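Heads up: the structure comes next, in structure tokens.
The values are calculated or read from the model by the stated rules, or taken from the named source; none is laboratory data. None of these values were measured; they are calculated from a predicted model. So basically every Cβ, Gly included, is an ideal-geometry build from the backbone, and we count neighbours across all protein chains shown.
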Amino acid sequence: MRVETVRFRLCASLLCFVLGTLCVQATAQEVIRFPAKGQVPQGYPAQYAAIIAAAEREGQLVIQSTTDIGVAAPLIDDFQALYPRIDVQYQDMNSNDLYGGYLGDLLASPTTADVLWSSAMDLQLQLANAGQAQPYDSPEIAAIPQWAVWKNVAFGTTFEPIVMVYNKRLLAPDEVPHTHADLTRLLTEKRDRFAGKVVTYNIERSALGFLLATQDEQASAEFWPLIRAMSGAGAHLVPTTEAILTRVAKAEALIGYNAIGSYAFIESKKDPELGYLYPRDHTLVITRVMLIGKKASNPNAAKLWVDYVLSKRGQTILANRANLFSVRTDVDSANSAAALTKMLGQSVRPISLGPDLLAAFSDPTKRLAFLRQWQQAMAMKP
């Protein structure tokens, strides 16, 4: 009996020792465990390791963007899988608020956001041209179309068509417009039918809406007749693509003009009654432009983000999971520049980051004159 007790105590002691050792090991593992260091991407120069190390010491990345957080989330998740030591703060903003807030930070704050990512191409290009962003020789520049890069300061990241959207349930097949002239004719000939049932951007409140309006005017003589036709139909004016899509989906509008195609594509998957089409006469294509903030607190983390979004891996995530059309031609996806260009042919009209865009409306006098002409056209009644 005594022997059995001793053996039991001995076994118990051994068990406690083993369990204690495991507990100590587990505790030790928890104490020393730390996210893995980021690795130099394949094909990058060896000295890129210094940028990664500096970014990990910064430990943070602040992004201000017009891209919805739900759309950007897959990119952020994958970026942090590559660089787990970097926390990401993402601020989803209206394009005008992003631009105005950044200018305010330049004047009054010791720092700015690390990255600005906006669909308001003209405003981003103005910042880049005025020296209000940091230049960066990204290893990925060679894979990006020349029209989507401005002096290694402004980087186009997407290839997004601008579409018309419509309510499939309430719009008859023979009423669906396939060109800008079709829409003008429809609103003119069936003004009563479409009274209060058209929605588009308020270009006074939306920098993207203003950009699209100016580009439509350059692309077609049909622009001003169309604006007058929308005015005659009592078009609703809203600040975002989301608002355009919401009004059409809720049957508050039958047709929405100049919506971002990637958002329309996403919403049409959720709502089968929401239709969208690429205008056959010309389909504008925007690119979301990325800059590194002039007074970025975390410039190395910003470089990692720019390189990631421009990389084939990032662009594949962008196309297949974020549903934003990839600007690279080597990405195999239906949501890519190559696929869209093949489908639409000569009607595709990408807006280039270049001197024409910069010269057109960098002059405040020109911007004001265009805005006043738009206001007058929108105020006209039949």
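The table for this structure:
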read-out	value
Lone qualifier among Gly314, Gly345 - being under 27 Å from Ala73 (Cα atoms) and either assigned to a helix (DSSP H, G or I) or not assigned by TED's automatic domain parsing to the domain that holds Ile86 (or both)	Gly314
Residues that are among the aliphatic types (A, V, I, L, M) and either surrounded by fewer than 18 Cβ atoms within 10 Å (Cβ to Cβ) or not assigned by TED's automatic domain parsing to the domain that holds Arg57 (or both), drawn from region 77-127	Ala81, Leu82, Leu103, Leu106, Leu107, Ala108
Residue satisfying all of: in region 124-172; under 18 Å from the mean Cα position of the chain (by Cα), in a loop (DSSP other than H, G, I, E, B) and not hydrophobic (A, V, I, L, M, F, W, C); farthest from Asp114 (Cα to Cα) among these	Pro145
Flag if Gln39 is surrounded by fewer than 18 Cβ atoms within 10 Å (Cβ to Cβ) and either more than 29 Å from the chain's Cα centre (by Cα) or modelled with pLDDT of 95 or more (or both)	no
Pairs, first in a helix (DSSP H, G or I) in region 173-187, second among the hydrophobic types (A, V, I, L, M, F, W, C), C-beta under 6 Å, six or more apart	His180/Leu226; Thr184/Leu226; Thr184/Ala229; Leu187/Phe194; Leu187/Ala229; Leu187/Ala233
Tally, over region 104-123, of residues that are of a type outside the set (Asp, Glu), in contact (Cβ under 8 Å) with a residue 24 or more places away in the chain and assigned to a helix (DSSP H, G or I)	3
